[in-house]
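To start, the structure itself, in structure tokens.
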Amino acid sequence: MRLYLLALNPTDSVTEGFLPAAARLGLDVTLLTDQPDAHRRTCPGIEILECDVRDFRAVVTRISTHHTPDAVFTNSDHLQTQAALAAHYFGLPAKDWRATLRAKDKAEMRRRLAAAGADTVWSAELTELTDPVALDAPYPCVIKPREGVASEDVVLVEGPEELVAHRKAILARRPGATLLVEEYLPGELYTLETVGDGRIRHVLGGFHTEPSPPPYFVEERMTFVPAHPERVVDQVLAQLDALGVGFGACHTEFVVHEGRARLIEVNYRAVGDQCDLLLAQLLDIPLFEYILRTHLGESLPADLGARRDGAALLEYPCAERAGTLTAAPSSSELTVNGVHLTYRPLRPLGERHELYRTNRDYLGVLRAVGTDQGAVDRAAARFLAAQSWVIQP
């Protein structure tokens, strides 16, 4: 069976998750990408074809002139609609392209939720031609790219002058982009991780996210939550239903304030930044295989057989200034007092970076897995305290 996998830049989710899962399933994989050289370095032995994967028509043409497809899949935020349209064209199982569009376009997501009576959030789109002051936004509010990811250029603003300044700065980095301004939603930040086959949807748990201090929203620590309160889960799932989301993997970010769950964004793919690798390990299930099987038209089992006695967290040491990384810990894996620790560097030594205020500031990621949250927290804290990262201006 032939799997076409669409990708932009290489990610851990693909190289350590989906490609090994495809091999275990015995699938022939063709990777379509606009960055073939980068993938050839990270994915030796995989058939890689260059393609303008942002254009669904180019994807259809590339597949039509190659082997017959059995599945078209992507785990990229930017390519969900293209993959869905290509899969539909070939009559293959896929996400509804309208749902992928609603998830990607945050303004459309707000409109859809409001029209369905699921939730109403004040929001407005902002371009180079729009007068920010004329929006009459409720302050504080959040400005962000309408189709952005990873907290890039997401900023909390306190008044009209800040809104004008941030609009100018963001559009200088993203010429021609459309921005979204929306009311700030207070509350604790969480995620809900789900996988479905269009008939049944499994809730895998979620994470409690600890972001950086305002005005930015860099996710610095993720603590596993085995089960959110039922009332909260019901509210989130109802909003996903209103968006038409329910096939394959979905990573949903939401806040809870006074018992009310409100969506921040819907990433219609598996959770990234190695959270998916941790979930597969923690729950002890073939998570990546399950996700691929749905795109092959297979039904999910009524019971995934997931373990429910785990505790875990991820921490992301972040750069605090621009410069060149001159010293940092290397990869390591160890078990301390029943807690399994996995550290992976995310930035090579000798490379210079600006300060991005996004997950591009991550220097590394620590995954800690055990059965007692207190023990997991202590082991992670001790490990990180013993490490050193040096950035020279």
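The values are calculated or read from the model by the stated rules, or taken from the named source; none is laboratory data. This structure is a prediction, so every number in the text was calculated from the model and none was measured. Virtual Cβ from ideal backbone geometry, glycine too; neighbours counted across all protein chains shown. Remember, those area values only see protein heavy atoms, side chains included, never the ligands or the DNA or RNA. Shrake-Rupley method; radii C 1.70, N 1.55, O 1.52, S 1.80 Å.
Pairs needed: first member in segment 107-134, under 16 Å from VAL236 (Cα atoms); second member anywhere, of a type in the set (A, V, I, L, M) and surrounded by 13 or more Cβ atoms within 10 Å (Cβ to Cβ); C-beta distance under 6 Å; at least 6 residues apart or different chains.
Every condition considered, the pairs that remain are ARG110/VAL121; ARG112/LEU243; LEU113/ALA242; ALA116/ALA242; ALA118/ALA242; ASP119/LEU113; THR120/ALA114.
Before we move on, is PRO214 farther than 21 Å from ASP105 by Cβ and surrounded by fewer than 16 Cβ atoms within 10 Å (Cβ to Cβ)?
Yes: the conditions hold for PRO214.
Scan segment 346-361 and tell me whether some residue there is hydroxyl-bearing (Ser, Thr, Tyr) and at pLDDT 95 or above. Steps first, please.
So the first thing to find is which residues in segment 346-361 are hydroxyl-bearing (Ser, Thr, Tyr), and the list is 356, 358.
Those left that are additionally at pLDDT 95 or above: none.
Taking every residue of segment 346-361 in turn, none turns out to be hydroxyl-bearing (Ser, Thr, Tyr) and at pLDDT 95 or above.
What do you reckon, is THR294 of a type in the set (S, T, N, Q), within 27 Å of PRO226 (Cβ to Cβ), modelled with pLDDT of 95 or more and surrounded by 13 or more Cβ atoms within 10 Å (Cβ to Cβ)?
The answer is yes for THR294.
Among the listed residues VAL365, VAL339, which satisfies the condition of being buried (at least 18 other Cβ atoms within 10 Å of the Cβ), farther than 23 Å from PHE217 by Cβ and outside the structural domain of GLU220 (by the TED database)?
The match here is VAL339.
Would you confirm whether or not segment 32-40 contains a residue that is of a type in the set (D, E, K, R), closer than 18 Å to VAL149 by Cβ and open to solvent by 40 Å² or more (accessible area, probe 1.4 Å)?
Step one: filter segment 32-40 for residues of a type in the set (D, E, K, R), giving 34, 37, 40.
Subset that is closer than 18 Å to VAL149 by Cβ: 34.
Pick out the ones that are also open to solvent by 40 Å² or more (accessible area, probe 1.4 Å) and you get 34.
Yes, there is a match, as at least one residue in segment 32-40 is of a type in the set (D, E, K, R), closer than 18 Å to VAL149 by Cβ and open to solvent by 40 Å² or more (accessible area, probe 1.4 Å).
Please state which of the following conditions ASP28 fails to meet, knowing it meets all the rest: (1) over 25 Å from the mean Cα position of the chain (by Cα); (2) crowded, with 17+ Cβ neighbours inside 10 Å; (3) within 25 Å of ASP12 (Cβ to Cβ); (4) of a type outside the set (A, V, I, L, M).
Failing condition for ASP28: (2).
LEU325 fails exactly one of the following numbered conditions: (1) open to solvent by less than 60 Å² (accessible area, probe 1.4 Å); (2) more than 24 Å from the chain's Cα centre (by Cα); (3) in the same structural domain as VAL203 (by the TED database). What is the number of that condition?
(3)
(1) touching a Phe, Trp or Tyr at 6+ places or on another chain (Cβ under 7 Å); (2) crowded, with 19+ Cβ neighbours inside 10 Å: which one isn't true of SER331, the others all being true?
Of everything listed in (1) touching a Phe, Trp or Tyr at 6+ places or on another chain (Cβ under 7 Å); (2) crowded, with 19+ Cβ neighbours inside 10 Å, SER331 misses just condition (2).
I need the full set of residues from segment 360-375 which are over 19 Å from the mean Cα position of the chain (by Cα) and either assigned to a strand (DSSP E or B) or of a type in the set (Lys, Arg) (or both), in order please.
The answer is ALA368, VAL369, GLY370.
State whether the residues of segment 346-354 include one that is assigned to a loop (DSSP other than H, G, I, E, B), basic (Lys, Arg) and either on the phi > 0 side of the Ramachandran plot or surrounded by 18 or more Cβ atoms within 10 Å (Cβ to Cβ) (or both).
Within segment 346-354, the subset assigned to a loop (DSSP other than H, G, I, E, B) is 346-351, 354.
Subset that is basic (Lys, Arg): 347.
Among the residues that remain, those that are also either on the phi > 0 side of the Ramachandran plot or surrounded by 18 or more Cβ atoms within 10 Å (Cβ to Cβ) (or both) are: 347.
Yes, the conditions are met somewhere in segment 346-354.
Looking only at residues that are within 23 Å of SER123 (Cα to Cα), polar (S, T, N, Q) and under 16 Å from the mean Cα position of the chain (by Cα) in segment 223-275, which one is surrounded by the most Cβ atoms within 10 Å (Cβ to Cβ)?
Top of the filtered list is THR252.
Return only the number of the condition from (1) touching a helix residue (DSSP H, G or I) at 6+ places or on another chain (Cβ under 8 Å); (2) open to solvent by 10 Å² or more (accessible area, probe 1.4 Å); (3) assigned to a helix (DSSP H, G or I) that VAL149 does not satisfy.
Checking VAL149 against (1) touching a helix residue (DSSP H, G or I) at 6+ places or on another chain (Cβ under 8 Å); (2) open to solvent by 10 Å² or more (accessible area, probe 1.4 Å); (3) assigned to a helix (DSSP H, G or I), the one that fails is (3).
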